[in-house]
Amino acid sequence: MIDPTSPGLMLPDGATLAPAKVLDIKQIVEEEGGQERRQDTNVDVTFALQAEVLFPKNSAKLSADATARIAAIAAEIKKMGSGRVRVFGFTDNLGTYEHGLKLSKERAVAVQQVLARELDPGTTYDIRGYSEDYPIADNRSEEGRKKNRRVEISFLGPRPARGVAPRAA
């Protein structure tokens, strides 16, 4: 039990509290055994799809199932009303860095092309390939490398009304 009269909990004379601040809220959900990951913050939404779900090994040609998954993400982007979408490709640390840059960019472009068919023609895209930069898992194991081989699609999330803190999910 906390004693509200404890001197350690009292502000010294003349001190004031800092202004209230909404802290960043982050929620991460992994599905399909980690093949798809969704991260929601009070700023944006990011989907990360493992490369194996989208592409054959060492390829930027989309698999048959990939288009449906990307279309579902496009529906979410439409629902949020976002006009700017970031599509970033990543690889693991196997092979040369230069090959990873080329492959990660080609994969990001392939995903963006599907999004462009589904979204408003006025949508703006930021497309980048990062090779092995920014790993989300340890590249020393196949499981970690698999998570690092991914394409991330991010866009602005819903905005809370001004002066109203977002609700935690």
Starting from region 91-104, take each residue that is of a type in the set (Phe, Trp, Tyr) and list its partners that are in a loop (DSSP other than H, G, I, E, B), counting only C-beta distances under 6 angstrom and pairs at least six apart or across chains.
-> 97/131
Out of all the residues in region 70-83, which are surrounded by fewer than 18 Cβ atoms within 10 Å (Cβ to Cβ) and closer than 16 Å to residue 109 by Cα?
-> 71
So, in region 17-48, of the ones that are more than 25 Å from residue 143 (Cβ to Cβ) and loosely packed, with under 12 Cβ neighbours inside 10 Å, which residue ends up modelled with the lowest pLDDT?
-> 23
From the set of residues in region 112-150 that are aliphatic (A, V, I, L, M) and under 14 Å from the mean Cα position of the chain (by Cα), which is nearest to residue 74 (Cα to Cα)?
-> 127
Residue 131 fails exactly one of the following numbered conditions: (1) of a type in the set (Gly, Ala, Ser); (2) in a loop (DSSP other than H, G, I, E, B); (3) at pLDDT below 95. What is the number of that condition?
-> (3)
What residue, among those in region 59-80 that are part of a loop (DSSP other than H, G, I, E, B) and at pLDDT 90 or above, is nearest to residue 140 (Cα to Cα)?
-> 59
Would you confirm whether any residue within region 50-69 is of a type in the set (Val, Ile, Thr) and exposed (fewer than 12 other Cβ atoms within 10 Å of the Cβ)?
-> no
Go through the residues of region 111-123 one by one and say whether even a single one is of a type in the set (Asp, Glu) and in a strand (DSSP E or B).
-> no
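The values are calculated or read from the model by the stated rules, or taken from the named source; none is laboratory data. Just so you know, these numbers come straight off a predicted model, no measurement behind them. Here the Cβ is made from the backbone with ideal geometry for all residues, glycine too, and neighbour counts use every protein chain on show.
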